[in-house]
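As structure tokens, the structure follows; a few thoughts come after it.
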């Protein structure tokens, strides 16, 4: 059964009609329950440290991800956005923040984030680096990334495989397995349980069948 996305009330960088900062718009303010808990915990941590956690992005539908990718391709925006099926935003497990509103060093935020399983996508806490504002809360989908990084899967890059797993988990469509999402989700689940099944591709080959028959 797909993970149900929970609504979350969290301050955004966007202003309402009166010019005051408002919560993240409802179309983006959705995420898995464990990600919601992590974000809200970080809201409290940052506030206690003297800053504010303000989000500019969280969940993206397939259409929203397509538009973000198109904006990147046409250079309407500089920040990289992959095509649909490759972003943790589509699984509700990535969020972008306003670095200035933090009012604490980025390195300090990294320390706080790590406590709740929230990970940066850049190598060092340099706020001038592109994507310094992007953070993932992968949960068990990190195991899929590690599986692919170890060479046990070969049809996707490790990060993309993690994103595919997160997207499938909430019942959304991924183009390259369209019509076989449930089978691909089963494969993702088996990987997260520690089994080797080859690739996440929606096709139950000998490795996937062998694991299922052994359970």
Tell me the angle of helix 62-73 to the major Cα principal axis of the chain, expressed in degrees between 0 and 90 and rounded to the nearest ten.
70
Counting every C-alpha pair in the chain, the percent lying more than 27 Å apart is 33
Using only Cα atoms, what is the ratio of the radius of gyration of segment 62-110 to 2.2 N^0.38 Å?
1.37
Take 98, 203 and order them by how many other Cβ atoms sit within 10 Å, fewest up front.
203, 98
Kirkwood hydrodynamic radius of segment 1-122, Cα pairs, Å
15.1
Between segment 32-108 and segment 140-154, the Cα center-to-center distance that results, in Å
23
What FRET efficiency do you get for residue 154 and residue 99 if R0 is 30 Å and r is their Cβ-Cβ distance, rounded to the nearest 0.05?
0.25
What FRET efficiency comes out for the pair residue 71/residue 140, r = Cβ-Cβ distance, R0 = 30 Å, nearest 0.05?
0.45
Return P(r) of segment 140-214 (all Cα-Cα pairs; 10 Å bins starting at 0; whole %; ordered from short to long distances).
23, 59, 18
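What does the helix-only formula give at 222 nm for the chain: each DSSP H stretch with n ≥ 4 adding -39500 (n - 2.57), the total divided by the residues, and the result rounded to the nearest 500 deg cm²/dmol?
For the chain, the value works out to -11500 deg cm²/dmol.
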Note on segment 1-114: contact order normalised by length, alpha-carbon pairs under 8 Å, 6 or more apart, percent, works out to 27
Say each of residue 129 and residue 48 gets a label point 7 Å from the Cα, pointing the same way as Cα to Cβ; how far apart are those two points in nm?
2.7
For segment 1-62, compute Rh as the Kirkwood radius over C-alpha pairs and then the Stokes-Einstein diffusion coefficient at 37 °C and 0.692 mPa s; write the answer in µm²/s, rounded to an integer.
264
Students often check this: by mean Cβ neighbours within 10 Å, which of 22-32, 175-185 ranks highest, and how do the rest follow?
22-32, 175-185
For residue 37 and residue 203, what does the FRET efficiency come to when R0 = 25 Å and r is the distance between their Cβ atoms, rounded to the nearest 0.05?
0.10
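Read the figures in this text as sums done on the coordinates, not as results from a lab. Predicted model only: the values in this text are computed from it and were never measured. Positions of Cβ are backbone-derived with ideal geometry, glycine not excepted, and every protein chain shown enters the neighbour counts.
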